[in-house]
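Just so you know, all these numbers are worked out from the coordinates, no wet-lab data involved. Nothing here was measured: the structure is a model prediction, and the numbers come from that model. Here the Cβ positions follow ideal geometry from the backbone for every residue, glycine too, while neighbour counts run over all protein chains shown.
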Amino acid sequence: MAPWGTSANVRNVAALNPYSHVPLFEQLAEILRGQIQSGELRHLDPLPSETSLVQQYEISRDTARRAMEALREEGLVFTVPHRGTFVGPRPELPQVSPTLTRAGYQTTT
């Protein structure tokens, strides 16, 4: 990793301020929230992976996870295991039980 203040980190230093009273995960969530609200990230667009965020912003994986969790709690994104995190509310899956019942199958939960 390049030291602070080098040209490789100018964007990162400007984007996240490690000296701010605002926690890094909240700063990152605000950046991603802004990208969603501005339309830079659109409905069903994938968000960067945790690994990408860790490398891009030079943060811990926990910080990246907490930022994503904050956005999930707000309903701005949803996560599909082993696929990624996407913009928007989680799509509703069709109900299978009524279709199976009409076809003569018995369903239980």
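For residues in the range 41-59 being loosely packed, with under 12 Cβ neighbours inside 10 Å and either of a type in the set (S, T, Y) or within 12 Å of the chain's Cα centre (by Cα) (or both), which is farthest from L28 (Cα to Cα)?
Across the range 41-59, the extreme among qualifying residues is L44.
Among all residue pairs at least 6 apart or on different chains, which show Cβ distances below 6 Å where the first residue, located in the range 19-44, is at positive phi and the second is of a type in the set (A, V, I, L, M, F, W, C) and assigned to a loop (DSSP other than H, G, I, E, B)?
none
Between R72, R83, which is touching a strand residue (DSSP E or B) at 6+ places or on another chain (Cβ under 7 Å) and either without any contact (Cβ under 8 Å) to a residue 24 or more places away in the chain or loosely packed, with under 14 Cβ neighbours inside 10 Å (or both)?
Residue meeting the stated conditions: R72.
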